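The values are calculated or read from the model by the stated rules, or taken from the named source; none is laboratory data. No experiment lies behind these values; they were computed from the predicted model shown. Note: ideal-geometry Cβ built from the backbone for every residue, glycine included; neighbour counts use all protein chains shown. These accessible areas exclude ligands, DNA and RNA; they are computed on the full protein's heavy atoms, side chains included. Shrake-Rupley method; radii C 1.70, N 1.55, O 1.52, S 1.80 Å.
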Amino acid sequence: TPPELIRNFCIIAHIDHGKSTLADRMLQLTGVVDGRAMRAQYLDRMDIERERGITIKSQNVRLPWAVTQPDGSVKEHVLHLIDTPGHVDFTYEVSRSLAACEGAVLLVDAAQGIEAQTLANLYLALENNLTVIPVLNKIDLPSAQPERYAEEIAHIIGGNPEDVLRVSGKTGAGVKELLDKVVAEIPAPVGDPDGPARAMIFDSVYDIYRGVITYIRVIDGKITPRERIQMMSTRATHELLEVGVISPDPVPTVGLGVGEVGYLITGVKDVRQSKVGDTVTSALRGATESLGGYRDPRPMVYSGLFPLDGSDYPLLRDALDKLRLNDAALTYEPESSTALGFGYRCGYLGLLHLEITRDRLEREFGLDLISTAPTVVYTVTMEDRSVHSVTNPSDWPEGKISDVHEPVVKCTIITPTDYIGPVMELCQSRRGVMGGMDYLSETRVELRYTMPLAEIIFDFFDSLKSRTRGYASLDYDESGTQASDLVKVDILLQGEPVDAFSAIVHRDFAYSYGLSMTAKLRELIPRQQFEVPIQAAVGSRVIARETIRAMRKDVLAKCYGGDITRKRKLLEKQKEGKKRMKMVGRVEVPQEAFIAALSTD
Ligand code: GDP
Ligand code: MG
């Protein structure tokens, strides 16, 4: 297809504003998926995406679209649509999709208006020099207020409120007009058709049958099957087994030219060999200059992952290896805990990434897992000037600390003006510093805060939602680090520290963390034969204490003189229970106590 007939675009929006549903209508309207094969959120292919109703991986699809010219003739165009996830954790997925496009459809729910991630995605699109087509969606809803929100959009991105398209992904209203506008307004791709081949990798997925499938967008030249290709960052060359387009299933083609989006298969088995952001060229007479890359996704949140049944440890490693084939952002290394045994310290992009990873491990690999409280990455400088990067409270260095830096984020909150007070209070209680405030309209406001990431990863979003009756939306982006007065709080059972309960907290919150954790454990740990003190300590200083009183636990006494089978049954039962006990020094702690104490919800 000649480049002037190609349009590459993506749909960006706040979560739930209807991207996947609109993509469904486009698939139908262009005849790529017929009515019978249609199912809702067609492009959300993973089970977990379908169940949660959210998009995790970006998808791309090629759509034919005929536009009638002013002279009455009809011109066949090719549209490449890239559906993107909207959640903050997956911003890096959005940014790589954007780099493969010339334009973006900015979708706004006509009953909700602009939300925090609408803005974040809009700014990403503008940074990538994309042509933005603003669209109001869900106009079929009785609660839709298109006039009001068209004003809001025009206020933010300029232009006239009347020019904002109104569509419904549900009924299909306005979708034809939208596709025509995509052709009319989004620039065609430009590149050198005769130059050495250059294509950017914007995604790669692992398929058990076919190996790694790499999604590319060709910038210059042509990629043809049965030639060798080279990955420019590593200089590794691979034989090409297949080149094709997605429409909506993979269809092999004779090659991909300038501006085209499609896939290639090399037989490579690991997505890390096919690095997102890398440039693909021909092995023979290839390009010498690569295309600019993307930033590598960097884990922001760490947490320990342990199998409930210690013998599942090798299974867990195997499962993580398999998951990583499809998730370049997931990191893990072995960790051992006195309380929880052997497991892995995993790095994630954010909490949703953590939750989804754990969910997939449990579901797809049949594992029962326990995860420890998430932490961010702290940089600890000692008085002797040595520097430690700490992603686990148990790695907190001993000795004289000179300073501690923690990551901070810039966060944007959009809320109805009625809730400004409660939102500001919440942010202040989480060590937030206000950066500014802008009115989107008379009734809605955007608040900007700089806040430690560690304060956001503990139920901040839930607190925000409950204080604003669900009306506020949140987005955040990393923004360097700041020095803070942080300490490590240890929890001790009978003088023995329990590593899984240690936490790094701001000095002002150490006392309340110690109090709540010791109180929680006193409820959860059963009485033992002896008295068990539970203490919270910062260094050697105890800041809170509870005691579990001793009890004579003598099950056999109950059936003294009773019959022998009953006695044996009781002993069996006790043994069963023991298996699920973990020893901390001399103290037996039921596994349920760990799970309950560590659960964040
Ligand atoms: P995404 O997160 O942006 O991909 O949003 P989805 O496409 O998954 O849609 C979120 C929810 O909004 C789903 O329950 C859809 O059925 C619903 N939805 C999407 N578009 C429309 C629309 O035009 N009208 C109505 N009434 N509901 C819609
Ligand atoms: Mg979606």
Next on the checklist: Name the residue that is least open to solvent (accessible area, probe 1.4 Å), counting only residues in region 511-531 that are touching a residue at least 40 places away in the same chain (Cβ under 8 Å) and farther than 19 Å from VAL489 by Cβ.
Outcome noted: GLN528
Next on the checklist: Tally up the residues in region 405-428 that are open to solvent by 60 Å² or more (accessible area, probe 1.4 Å) and among the polar types (S, T, N, Q), please.
Outcome noted: 1
Checklist entry - Across region 372-394, what is the number of residues that are under 20 Å from the mean Cα position of the chain (by Cα) and open to solvent by 20 Å² or more (accessible area, probe 1.4 Å)? => result 3
Checklist entry - Which fully enclosed strands (runs of 3 or more DSSP E) of region 268-369 have 1 or more residues being touching a helix residue (DSSP H, G or I) at 6+ places or on another chain (Cβ under 8 Å)? => result 301-307, 331-337, 341-348
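Collect the residues in region 487-506 that are out of contact with any strand residue (DSSP E or B) (no Cβ under 7 Å at 6 or more places or on another chain) and either crowded, with 20+ Cβ neighbours inside 10 Å or free of Cβ contacts under 8 Å to residues at least 24 places away in the same chain (or both), keeping them in residue-number order. Steps first, please.
Filtering region 487-506 down to residues out of contact with any strand residue (DSSP E or B) (no Cβ under 7 Å at 6 or more places or on another chain) leaves 495.
None - no residue of region 487-506 is out of contact with any strand residue (DSSP E or B) (no Cβ under 7 Å at 6 or more places or on another chain) and either crowded, with 20+ Cβ neighbours inside 10 Å or free of Cβ contacts under 8 Å to residues at least 24 places away in the same chain (or both), so the list stays empty.
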Checklist outcome for this item: Note on region 104-125: residues over 22 Å from the mean Cα position of the chain (by Cα) and open to solvent by 30 Å² or more (accessible area, probe 1.4 Å) are GLN112
Next on the checklist: For the structure I just gave you, tell me whether ASN137 is in contact with a helix residue (DSSP H, G or I) (Cβ under 7 Å, 6 or more places away or on another chain), open to solvent by less than 30 Å² (accessible area, probe 1.4 Å) and of a type in the set (S, T, N, Q).
Outcome noted: yes
Next on the checklist: For the structure I just gave you, tell me whether GLY221 is over 27 Å from the mean Cα position of the chain (by Cα) and crowded, with 22+ Cβ neighbours inside 10 Å.
Outcome noted: yes
Checklist entry - Restricting to helices (runs of 4 or more DSSP H) lying wholly in region 503-601: which have 1 or more residues that are hydroxyl-bearing (Ser, Thr, Tyr) and modelled with pLDDT under 90? => result 564-579
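Would you check which residues across region 1-32 are within 16 Å of ligand 1 (Cβ to nearest atom), assigned to a loop (DSSP other than H, G, I, E, B) and at pLDDT 90 or above and list them? Walk me through how you get there before you give the answer.
Of all residues in region 1-32, those within 16 Å of ligand 1 (Cβ to nearest atom) come to 9-29.
The next check asks that each one be assigned to a loop (DSSP other than H, G, I, E, B); those that pass are 14-18.
HIS17, GLY18, listed by residue number.
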Item to check | All positions within region 141-182 that are away from ligand 2 (no atom under 16 Å from the Cβ) and among the charged types (D, E, K, R) | outcome: GLU147, ARG148, GLU151, GLU152, GLU162, ASP163, ARG166, LYS176, GLU177, ASP180, LYS181
Checklist entry - Which residues, counting only those in region 150-171, are surrounded by fewer than 21 Cβ atoms within 10 Å (Cβ to Cβ) and within 9 Å of ligand 1 (Cβ to nearest atom)? => result LYS170, THR171
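Being loosely packed, with under 15 Cβ neighbours inside 10 Å and over 22 Å from LYS465 (Cβ atoms) is the requirement here; does SER402 meet it? Break it down stepwise before answering.
Numbers: loosely packed, with under 15 Cβ neighbours inside 10 Å: yes; over 22 Å from LYS465 (Cβ atoms): yes.
Considered against the rule, which asks whether it is loosely packed, with under 15 Cβ neighbours inside 10 Å and over 22 Å from LYS465 (Cβ atoms), SER402 comes out as yes.
Residues of region 238-267 being assigned to a strand (DSSP E or B) and surrounded by fewer than 16 Cβ atoms within 10 Å (Cβ to Cβ), which ones? So that I can check it myself, show each step before the final result.
Step one: of region 238-267, the residues assigned to a strand (DSSP E or B) are 238-239, 242-246, 250-252, 256, 261-265.
Within region 238-267, GLU239, VAL251, PRO252 qualify.
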Checklist outcome for this item: Of (1) part of a helix (DSSP H, G or I); (2) in contact with a helix residue (DSSP H, G or I) (Cβ under 8 Å, 6 or more places away or on another chain); (3) modelled with pLDDT under 95, LYS176 fails just (3)
Next on the checklist: So LYS138 ticks every box in (1) touching a Lys or Arg at 6+ places or on another chain (Cβ under 6 Å); (2) within 16 Å of ligand 2 (Cβ to nearest atom) but one. Which box is left unticked?
Outcome noted: (1)
Item to check | Candidates ASP194, ASP270, ASP180 - the one that is surrounded by fewer than 22 Cβ atoms within 10 Å (Cβ to Cβ) and within 30 Å of SER168 (Cβ to Cβ) | outcome: ASP180
Next on the checklist: For region 76-102, which positions are more than 14 Å from ligand 2 (Cβ to nearest atom), at pLDDT 90 or above and either closer than 18 Å to ILE201 by Cα or of a type in the set (D, E, K, R) (or both)?
Outcome noted: GLU76, HIS80, CYS101, GLU102
